[in-house]
Every structure is written in C-alpha cells, then in structure tokens.
1. Taking the stretch B:23-60 as the region of interest, how many residues are open to solvent by 40 Å² or more (accessible area, probe 1.4 Å) and away from DNA strand D (no atom under 15 Å from the Cβ)?
2. Anything in the stretch B:1-33 that is away from DNA strand C (no atom under 16 Å from the Cβ) and charged (D, E, K, R)? List them, or say none.
3. Against the condition away from chain A (no Cβ under 14 Å), away from DNA strand D (no atom under 16 Å from the Cβ), of a type in the set (Val, Ile, Thr) and touching a strand residue (DSSP E or B) at 6+ places or on another chain (Cβ under 8 Å), how does residue B:20 come out, does it pass?
4. Within the stretch A:137-152, identify whether any single residue is over 30 Å from residue B:56 (Cα atoms) and open to solvent by 30 Å² or more (accessible area, probe 1.4 Å), and answer yes or no.
5. Is there a residue being modelled with pLDDT of 95 or more, of a type in the set (Asp, Glu) and either touching a strand residue (DSSP E or B) at 6+ places or on another chain (Cβ under 6 Å) or open to solvent by less than 30 Å² (accessible area, probe 1.4 Å) (or both) anywhere in the stretch B:172-183?
6. Taking the options B:78, B:109, B:14, name whichever one is assigned to a helix (DSSP H, G or I) and over 30 Å from residue B:183 (Cα atoms).
7. Scan the stretch B:120-130 and give yes if some residue there is open to solvent by less than 30 Å² (accessible area, probe 1.4 Å), touching a helix residue (DSSP H, G or I) at 6+ places or on another chain (Cβ under 9 Å) and assigned by TED's automatic domain parsing to the domain that holds residue B:200, otherwise no.
8. So which helices (runs of 4 or more DSSP H) stay within the stretch A:132-225 end to end and still have 1 or more residues that are in contact with a Gly (Cβ under 8 Å, 6 or more places away or on another chain)?
2 protein chains.
Amino acid sequence: MAITLRASDRAYQRLRDEIVDWELPPGSALGEVEQSTRLGVSRTPIREALARLTADGLVAPQTGRGLVVTDISTDNIREMFEVRQALEMQAARLAALRGDPVVFAVLEREFLAVPALLDQDDPARHNYYGLVARFDDAVDDATANPYLVTALRSLRTHLVRVRRLAKDNPARLSAAAAEHLTIVQAILDRDADLAAHATHVHLHRAMRSALDSVETASPSILPSA
Amino acid sequence: MAITLRASDRAYQRLRDEIVDWELPPGSALGEVEQSTRLGVSRTPIREALARLTADGLVAPQTGRGLVVTDISTDNIREMFEVRQALEMQAARLAALRGDPVVFAVLEREFLAVPALLDQDDPARHNYYGLVARFDDAVDDATANPYLVTALRSLRTHLVRVRRLAKDNPARLSAAAAEHLTIVQAILDRDADLAAHATHVHLHRAMRSALDSVETASPSILPSA
DNA sequence: TAGCAACTTTCTGTATACACAGTGGGATTT
DNA sequence: AAATCCCACTGTGTATACAGAAAGTTGCTA
C-alpha cells in the first residue's frame, strides 16, 4: 500500500512536473496565495513546495518580491553537460567496478532488442525512455554512492526539462541505444576506462543532438540574449 | 547594509553549524517543538530549516516519527571523495580554460607564502583555511557553471563535517599547500589536463589523510558496523 | 508472566490569523 | 505637466490553533 503522501509533497510534484513539462514556462510568477487556491491547499504546504523548488534551481527569487520559474539558455545546457559528464563518467567507472553482472546482462539484452523496437509505433518511444531510466537506476544502484546519486538526481531534473524541449528523432534514439549498449558491455567486462570513455562519447553526442534540436525547433523559448 | 535575514535562515544556519561542528552528534533527535523553544522561534521557520537540512542530507527521517542527524562512516568518506574527485577535476579543467589569470596569480603568491605562515602560531591555521576557501571560490567562479557550483557546495557541507573530525596536522597542511600551488600554476598555464591530474593527486592524499586521522583519532564517533 | 489491546500523550501536518514590508497608484504641489 | 510624496494594498514571513496519526503506557486477560 502506498503511503499517503503529504499535501506538500503533492504540491511539490505537481509544480515540478508543470515546470519540467514547460506548462509553467520560464518567467512565470509563482505567488503563494495564487498557487494555494489553484492547488486547493493552504499556503503552508505551498511554501514548503516552493522552497524545495528553489533549492532545486527550478525557481528563483525575483528582484524584489516573488518567485519566478528559471529560464534555460543554450549556455546552461552546455554547463549541465559539463557536470553530467563528470558525474556519469565517474558513475560508469564505479558501476564497472561494482555492478551486478546479472542486472547488466539483462540490460544488455534489452538494448540489443531496441532496433527492432524502434520499427514499431509511438509507444515504443515510451518503452525506450523507460529502458534508459532503468539503465540509469541500475548504474546509480551499482555505484553504491549516495552522494553521487543525490548529485545526479538533482541534475537530471534539469536535463529532463531540456529533453522536453529537444525531442529526439528516431535516428538519434537508434544511435543512443548503440552507445548505451557499449557502456553496458564495458560494465559487464569490468572495463572502467572503457565504460567512462563510452559515457563521454555518448554524452558528447547527446549534447550535440540536444543543442541542435533546441536551436532549430524552439529558439523562441530560450532567452534572447 | 546586510539584509535582515529571516528567522528560518538563521535557524537553518544555526542548526547546520551545530551539526557540522558535531555539537549535535549523529543520532541526535530533532523535534520541532524542542528546537523551536530552544532557538526561540515558532515551529514554522524551524520546519523550513529542517526541510532544508533533510535536503542537504544532514538530517534524515527516523523510522516512524522524527528526524535524526545522519551519521558518517568511513565508507561514506570514501564515497564523498569519489564524487569530489569527479566534480573538482572537472572544475579544475574548466578553471584552466576560463580562469582569470590575475586572480590565480594572486593565489599563487599566497600559496607560495604558506610555508612561512605555518611557522607561526595557531591563527595561521585559520588564515590557511581561509586561503583554501578563497581558492575554492576562485575555482567556482572561474568555472562559470552554476550547476557545478551547486553540486560542489552541497558536497562541501559534508566534507567540512569530516574535516572537523579529522584535524590536519602541520605536515599535511604544508604538503596540501604545495599540492594547491601545483593546481594554481597549472590553471595559470592553461593546462587543463595537468590541473585535473594535480587535483586528483591532491584529493587522493587528502582522503588518505582524512581516513587515517579519523580512524586513529575518533573511531568511537563512527558507526560500529 | 507474557501478550494483547485500548487509551493517553506527544508530535507532525495543515490551516489560518496577524504583522510588516515593499510596491504601485493617486493626489497634490511646484 | 511633471515630479514627488503619501496612502492603500498585495503578498511574504511568522505565530498559533487544530486535527490526525503514531508511539508509549497501562491495565486486563489468558
């Protein structure tokens, strides 16, 4: 049975989802009373939710009074990937040292099956993103490092926000699957250097793809400067 | 004029300092009413402070009801340094690429002066830690990467908590100054690889020193398991 | 005596009330 | 007509009241 989560948790998740999904675009002002009436709870849990969002960097204090949804520039995207590279290369190294072969053997088989999956229809895309999420979880788990996992989780929130802008095309998904497969196999071979370098390559391509996609598809959403 | 900070901010800083300084040792229960009477504010700002401490990982929900100060094992220390290595090597690389030569030239001169400083009395130690803090700030600033800075800041809280346990001896301080000097000079030379590798070396030695110091000086504070 | 159950107490989560500060608008004066 | 000052209002920060849940305690029963 799922623990009944608190109103503040629900408010946090709701607001975070709305920001990440760009329903609340950058610059949106978030007043406490406004949100409390909208979400049907009192100001107290809303305050707690907004405090967490501020800590996450999804929301920032405006000049003077009030909070606004933060914006994301292409420079921000590059900066995110600089951090992501550092953290995920280390995570891949640690997973190669400590990973459970059984878990990653299953993932290997799944990534091998992706090309067939991508020939199918749209639900396949959800399946693929679900697979990547399971891969991330497996790596997180394999690192056995709560500090690393915390840092990665925090960063991933922002990365998901970018991904919602920069829809991947099928060609990119196919290439990404091959890159993931290389990482998984390196982990299975306990080859830490290869796992790290394959992660580097993957992230380099992922960033290129994201930047290209964002710059062509939705330049209007990004800050004009 | 300094902005009058809110009661919740003061409560957060106070509690965080007490945890980092081991005045509130691991396992200490933090009740809301208890802390609100102790700090002389109402439960509302205390709740906000405790929520932030929980997000920081300094406090965690106990089984059932209540929050307790988290403990730190020697494994945790190794894990922190795994993350620190990833983040600070990347930061050193970026600082080498983007750093302001004037700033780092000043730091170089200061690190060169450390050996003379360490011959003096106890206040010298404060000066040295202040210098290291300025070095960290300079690197943070040079990376021009808010996500990296956020991740590093979060981690440093835990590292300071470890440092409070593991007092550095003068020999270690002297060696650390030399290591810092190497990093600064690599940044000045715009040699990203050298800056990263010198950081790696520095952190490896710092971790060894911390683990040795903790294991000999205060094994009682760490979890028995 | 041991185990279980009901009650009491205490603490958390939420709502609301209150005080204060900052901002915008309007009116008055030059 | 423009600028400045004052007032009102909106919104944040803090305190407190209230409800519900969980842990401890006490008493009863087997």
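1. 5
2. B:14, B:16, B:17, B:18, B:21, B:23
3. Answer is no for this residue.
4. Our first condition is that a residue be over 30 Å from residue B:56 (Cα atoms); within the stretch A:137-152, this holds for none.
Checked against the condition, which is being over 30 Å from residue B:56 (Cα atoms) and open to solvent by 30 Å² or more (accessible area, probe 1.4 Å), the stretch A:137-152 yields no hits at all.
5. Within the stretch B:172-183, one or more residues are modelled with pLDDT of 95 or more, of a type in the set (Asp, Glu) and either touching a strand residue (DSSP E or B) at 6+ places or on another chain (Cβ under 6 Å) or open to solvent by less than 30 Å² (accessible area, probe 1.4 Å) (or both).
6. Sole residue among the options that is assigned to a helix (DSSP H, G or I) and over 30 Å from residue B:183 (Cα atoms): B:14.
7. For the stretch B:120-130, residues open to solvent by less than 30 Å² (accessible area, probe 1.4 Å), touching a helix residue (DSSP H, G or I) at 6+ places or on another chain (Cβ under 9 Å) and assigned by TED's automatic domain parsing to the domain that holds residue B:200: present.
8. Where helices (runs of 4 or more DSSP H) fall fully within the stretch A:132-225 and carry at least 1 residues being in contact with a Gly (Cβ under 8 Å, 6 or more places away or on another chain), they are A:146-165, A:170-188.
The values are calculated or read from the model by the stated rules, or taken from the named source; none is laboratory data. For clarity, every value in this text was computed on a predicted model and none was experimentally measured. Here the Cβ is made from the backbone with ideal geometry for all residues, glycine too, and neighbour counts use every protein chain on show. Each accessible area value is taken on the protein alone, full model and side chains, heavy atoms only, with ligands, DNA and RNA left out. Shrake-Rupley method; radii C 1.70, N 1.55, O 1.52, S 1.80 Å.
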